[in-house]
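K.L.:
Just passing along the structure, written as structure tokens.
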Ligand code: DC
């Protein structure tokens, strides 16, 4: 039954606009949304709080298997709950993002989180946001999109987002953090960030959010014969 539920798999590096695109697509089709990065972020936050070393693969995999994580979708803005407490803001810090990228490089951790992600595949459809949605988690997804953009333009966008939240980060630090995270995500041996061979690649460097949305909708309509 699950097999026939369609999935739009959207992958790409940090700050490329996947979150915005996936939210817009999920709203447009009234489909479910999987923010897989949030799962890795909650795991990292939990590890930091329990003082588990970020390279302790066994303990982290155990933590991942039993992670008391839920998504509260009752309001327009989805809340991420750890142990029933709202951690939506805590998981968005640069520290947690960096830690998420570290725990995400561990094979046993990724295996432990696989089924939890696949369980999001519910009718009428799923928009899945991540790094390995098209290459590992939903290899049979009928639509795969890979967003890319230069590290510089992604750092600029991230800087703007932070400024809107009154957070005064330094551009050089953001660029360095994005570059380090990319390198780790692209060069890890397990589920490295890369486009699936059957993915549409969109370079968003000089595109508006609307342009990316329009291109995606055109492609999705063709693939799903809508
Ligand atoms: O998308 P994000 O920035 O919230 O993801 C945080 C980290 O989690 C990112 O550096 C890499 C990792 N991640 C992953 O390895 N696989 C995914 N499917 C999603 C995220």
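What follows draws every value from the coordinates through simple rules; no lab data is involved. Not measured: the values here are computed from a predicted model. Please note: Cβ atoms are built from the backbone with ideal geometry, for glycine as well, and neighbour counts cover all protein chains shown.
K.L.:
With a ≥ b ≥ c taken as the square roots of the eigenvalues of the C-alpha gyration tensor of region 1-129, please select rounded if a/c is under 1.5 and otherwise prolate if a/b is larger than b/c or oblate if it is not?
P.N.:
Taking the square roots of the gyration eigenvalues as a ≥ b ≥ c, region 1-129 is prolate.
K.L.:
Mean-square fluctuation check for the chain, GNM, Cα pairs under 10 Å: which of 174, 197, 91 is largest?
P.N.:
197
K.L.:
So what is the calculated 222 nm ellipticity per residue for the chain, using -39500 (n - 2.57) for each DSSP H run with n of 4 or more, over all residues, to the nearest 500 deg cm²/dmol?
P.N.:
Rounded to the nearest 500, it is -14500 deg cm²/dmol.
K.L.:
Given the Cα-Cα distance of residue 49 and residue 170 and 0.36 nm per residue of separation, how much length would full extension add, in nm?
P.N.:
That pair, residue 49 and residue 170, stretches by 40.9 nm at full extension.
K.L.:
Kindly identify region 69-226 as rounded, prolate or oblate by the Cα gyration tensor criterion: order the square roots of the eigenvalues as a ≥ b ≥ c, call it rounded if a/c is under 1.5, otherwise compare a/b with b/c, prolate if a/b is larger, else oblate.
P.N.:
The shape class here is rounded.
K.L.:
Enumerate the residues in region 136-162 having an amide nitrogen under 14 Å from the point lying 7 Å beyond the Cα of residue 194 toward its Cβ.
P.N.:
What the label zone holds, given the 14 Å backbone N cut-off, is 136.
K.L.:
Identify the residues of region 157-192 with backbone N under 14 Å of a label point that sits 7 angstrom from the Cα of residue 206 along the Cα-to-Cβ direction, or state none.
P.N.:
Once the point is set 7 Å along Cα→Cβ of residue 206, nothing inside region 157-192 turns out to lie under 14 Å by backbone N.
K.L.:
Same structure, new question: Starting from the 7 Å offset along Cα-to-Cβ, what nm value, one decimal, do you get for the label separation of residue 5 and residue 123?
P.N.:
1.0
K.L.:
Kindly work out what percent of the DSSP beta bridges joining two residues of the chain are antiparallel, to the nearest 5.
P.N.:
25
K.L.:
Quick one: grab the alpha carbon gyration tensor of region 61-159, order the square roots of its eigenvalues as a ≥ b ≥ c, and give me rounded if a/c is under 1.5, else prolate or oblate depending on whether a/b is larger than b/c.
P.N.:
Rounded shape, in that the Cα axes give a/c under 1.5.
K.L.:
Starting from the Cα-Cα distance between residue 179 and residue 140, subtract it from 0.36 nm times their residue separation and give me the gain in nm to one decimal.
P.N.:
Stretched out fully, the residue 179 to residue 140 stretch lengthens by 11.0 nm.
K.L.:
Hey, rough spin-label estimate for residue 115 and residue 78, points 7 angstrom out along Cα→Cβ, what's it come to in nanometres?
P.N.:
Using points 7 Å along Cα→Cβ, the separation is 2.1 nm.
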